[in-house]
Amino acid sequence: MKVVLVCEEQSLVQALKLHLVSRGRELHWESLDSLRARPSLLDDALLIDGLSLNLADDGVAARQKSFDSLLALSRQRARVYIALSDARVFDGLAEGDTPLNENTTPESVGKVGKALLAMEETLLSCSLQSLVLRTGPIIAATGDNFLTDFVRALKRGESPVISNQTISSPTAVSDLARVLCAMLEQLNCGANCRGIYHYQSSGPCSAYEFAEVAYAHASQYLPQVSQIDVGEGGMNWSPLLAELRCERVLRNFGIKQLPWRAWLPKLIKTICEEDDNDSG
């Protein structure tokens with residue numbers, strides 16, 4: 001099984017590598033430039049396009065160009081193309097209490113959401129076996145995400161104000177890597193799956209509800225215990241993503257959701273220990 005990952009999110013690179021190595025597999029982490037120079041790297045590959053993770057408004061034009069280039073390189077070479085996307089394709093829909101499924105018609109008003117939707121439609125209309133995996137706000141022990149921002153604020157002795165307004169489903173990067181590996185193994189064995197899939201770690205919550213749990217774990221590593229407050233305009237999920245129903249990935253691949261709570265203790269321990277090592 002030849003897995004090629006194009007991604008700038010280091011936490012996903014490391015998590016996916018660990019999962020694949022544990023299965024006796026290898027990950028080829030390549031830049032778009034290296035694939036342009038050696039397109040044969042994509043021959044018979046199962047390609048994961050993770051360049052849309054953490055996409056911001058000012059990166060949309062560059063992302064569109066990189067997608068067009070990567071798809072052109074992959075059309076006649078790659079075996080499967082998996083593109084990571086997120087729930088911003090639904091940001092034009094009114095907020096509701098029901099999680100959105102893969103058959104919900106997307107409607108976007110934001111720049112990123114519109115770009116993601118256009119890329120999804122282009123990919124799924126080509127002859128290449130292609131899949132889109134929409135996910136939730138990524139939490140990881142490295143990089144800039146809600147969890148690292150929150151824990152580091154506590155370590156500085158701050159009392160962060162957290163929003164309790166928006167419900168989402170934070171998704172541990174290791175959980176996302178687990179799901180991708182399970183999909184890859186089945187696709188490698190000939191599973192003829194295509195189209196749109198959703199995966200978020202289970203346990204929808206507001207940013208404040210998540211922070212309360214993270215605070216309980218982080219407090220054991222902190223030299224002094226600060227506090228957290230709830231308030232409008234406080235720290236919130238970034239990006240703001242709706243809760244998704246994840247039944248199709250269970251039905252087609254047999255992949256069950258796991259709770260983000262299961263991954264949280266190790267993530268927080270890693271953040272605290274690595275930050276301490278850096279300061280030492």
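Observations
- Checklist (1) open to solvent by less than 20 Å² (accessible area, probe 1.4 Å); (2) of a type in the set (Val, Ile, Thr); (3) farther than 28 Å from residue 108 by Cα applied to residue 270, failing item: (1)
- The set of residues from the range 141-185 being over 30 Å from residue 251 (Cα atoms) and among the small types (Gly, Ala, Ser) comprises 141, 143, 153, 157, 159, 163.
- Residue match in the range 10-25 (condition: closer than 22 Å to residue 122 by Cβ and modelled with pLDDT of 95 or more): no
- Qualifying residue in the range 76-86 (condition: open to solvent by 20 Å² or more (accessible area, probe 1.4 Å), at pLDDT 95 or above and either not β-branched (Val, Ile, Thr) or not in a helix (DSSP H, G or I) (or both)): yes
Every residue, every condition in (1) part of a helix (DSSP H, G or I); (2) of a type outside the set (A, V, I, L, M); (3) touching a residue at least 12 places away in the same chain (Cβ under 8 Å), yes or no:
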| position | (1), (2), (3) |
| --- | --- |
| 33 | yes, yes, no |
| 40 | yes, yes, yes |
| 48 | no, no, yes |
| 51 | no, no, yes |
| 55 | no, no, yes |
| 62 | yes, no, no |
| 66 | yes, yes, yes |
| 70 | yes, no, yes |
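- Matching residues in the range 222-249 - criterion: being over 27 Å from the mean Cα position of the chain (by Cα) and within 18 Å of residue 141 (Cα to Cα): 222
- Subset tally (residues that are more than 21 Å from residue 11 (Cβ to Cβ) and not polar (S, T, N, Q)) for the range 150-196: 16
- Residue 197 vs. criteria more than 18 Å from residue 55 (Cα to Cα), under 19 Å from the mean Cα position of the chain (by Cα) and of a type in the set (Ser, Thr, Tyr): yes
- For the residues 68, 57, the requirement of being more than 25 Å from residue 189 (Cβ to Cβ) and within 19 Å of the chain's Cα centre (by Cα) singles out 57.
- Count - residues of the range 128-163 that are within 22 Å of residue 56 (Cα to Cα), out of contact with any Gly (no Cβ under 9 Å at 6 or more places or on another chain) and of a type outside the set (Lys, Arg): 17
- Residues located in the range 204-223, provided they are assigned to a helix (DSSP H, G or I) and open to solvent by less than 20 Å² (accessible area, probe 1.4 Å): 207, 210, 211, 214, 218
- Total residues in the range 8-21 satisfying the condition of being within 14 Å of the chain's Cα centre (by Cα), touching a residue at least 60 places away in the same chain (Cβ under 8 Å) and under 20 Å from residue 187 (Cβ atoms): the figure is 3.
- The lone exception for residue 240 - which of (1) open to solvent by less than 40 Å² (accessible area, probe 1.4 Å); (2) assigned to a loop (DSSP other than H, G, I, E, B); (3) among the aliphatic types (A, V, I, L, M) it fails: (1)
- Selection count where residues are at pLDDT below 95 and either in contact with a helix residue (DSSP H, G or I) (Cβ under 6 Å, 6 or more places away or on another chain) or open to solvent by 60 Å² or more (accessible area, probe 1.4 Å) (or both), scope the range 27-54: 1
The values are calculated or read from the model by the stated rules, or taken from the named source; none is laboratory data. This is a predicted model, so every value here is computed, not measured. Positions of Cβ are backbone-derived with ideal geometry, glycine not excepted, and every protein chain shown enters the neighbour counts. For the accessible areas, the whole protein counts, side chains as well, though only heavy atoms, and no ligand, DNA or RNA atoms are used. Shrake-Rupley method; radii C 1.70, N 1.55, O 1.52, S 1.80 Å.
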